[in-house]
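Have a look at the structure below before the remarks.
The values are calculated or read from the model by the stated rules, or taken from the named source; none is laboratory data. Here the structure is a predicted model, which is why all the values come from computation and not from measurement. So basically every Cβ, Gly included, is an ideal-geometry build from the backbone, and we count neighbours across all protein chains shown.
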């Protein structure tokens, strides 16, 4: 089995870089994008096992990105991160198949447990 490929999408450079670094240190193949549109371009060129995206971003938010990702990869794992948890966006994310909806700041141990759970479902080495 290969290591999980994770696409981190967040318009906050510090969060994006720190999450990518944490994931890489834990052995994941992590790449990052600053916006949803760039993420869709990456997704079109190569599959990922997990999409880790911020909810609120300019131009294309996490829900819109998740919808676009689902069209390309219906079974890809998805995790929505937010600093502004709302019931309506939580329900929409879950309806679109997001595995988790987590609050920022993201705890690395919590994130790794979620990724391992997703990878076990997909039979990918976490």
Inset, instruction - Output the number of the condition that residue 60 fails; it satisfies all remaining conditions of (1) touching a helix residue (DSSP H, G or I) at 6+ places or on another chain (Cβ under 9 Å); (2) at pLDDT below 95. - result: (2)
Inset, instruction - Starting from region 53-75, keep only residues that are part of a helix (DSSP H, G or I), then list their pairs with residues that are at pLDDT 95 or above and surrounded by fewer than 15 Cβ atoms within 10 Å (Cβ to Cβ) whose Cβ atoms are within a distance under 7 Å, requiring at least 6 positions of separation or different chains. - result: 72/44
Inset, instruction - Could you run through region 93-106 and say how many residues are out of contact with any strand residue (DSSP E or B) (no Cβ under 7 Å at 6 or more places or on another chain) and either touching a residue at least 24 places away in the same chain (Cβ under 8 Å) or within 16 Å of residue 20 (Cβ to Cβ) (or both)? - result: 2
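Condition first: closer than 22 Å to residue 5 by Cα and loosely packed, with under 14 Cβ neighbours inside 10 Å. Now tell me which residues in region 68-102 satisfy that. Don't jump to the end; show me each part of the working.
First, the residues of region 68-102 that are closer than 22 Å to residue 5 by Cα: 68-82, 93-94, 96-102.
Passing the criteria: 71, 72, 74, 75, 94.
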Legend entry - Residues of region 3-37 classified as surrounded by fewer than 21 Cβ atoms within 10 Å (Cβ to Cβ) and either free of Cβ contacts under 8 Å to residues at least 24 places away in the same chain or within 10 Å of the chain's Cα centre (by Cα) (or both), total: 10
Legend entry - Residue among 90, 48 that alone is under 21 Å from residue 110 (Cβ atoms), touching a strand residue (DSSP E or B) at 6+ places or on another chain (Cβ under 6 Å) and touching a residue at least 12 places away in the same chain (Cβ under 8 Å): 48
Inset, instruction - Being at pLDDT below 90 and exposed (fewer than 14 other Cβ atoms within 10 Å of the Cβ) is the filter; apply it to region 103-124 and report the residue that is farthest from residue 52 (Cα to Cα). - result: 123
Inset, instruction - Kindly establish whether residue 55 is under 24 Å from residue 120 (Cβ atoms) and surrounded by 13 or more Cβ atoms within 10 Å (Cβ to Cβ). - result: no
Legend entry - Number of the condition not met by residue 105 [criteria: (1) more than 14 Å from the chain's Cα centre (by Cα); (2) closer than 14 Å to residue 15 by Cβ; (3) assigned to a helix (DSSP H, G or I)]: (3)
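Can you tell me which of 85, 27, 97 is part of a loop (DSSP other than H, G, I, E, B), out of contact with any helix residue (DSSP H, G or I) (no Cβ under 8 Å at 6 or more places or on another chain) and closer than 21 Å to residue 119 by Cα? Step through it out loud before you land on a result.
Numbers: 85 fails: closer than 21 Å to residue 119 by Cα; 97 fails: out of contact with any helix residue (DSSP H, G or I) (no Cβ under 8 Å at 6 or more places or on another chain).
Just a single option satisfies the conditions, and that option is 27.
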Inset, instruction - Inspect region 32-41 for any residue being touching a helix residue (DSSP H, G or I) at 6+ places or on another chain (Cβ under 8 Å), at pLDDT 95 or above and in a loop (DSSP other than H, G, I, E, B) and give the result as yes or no. - result: yes
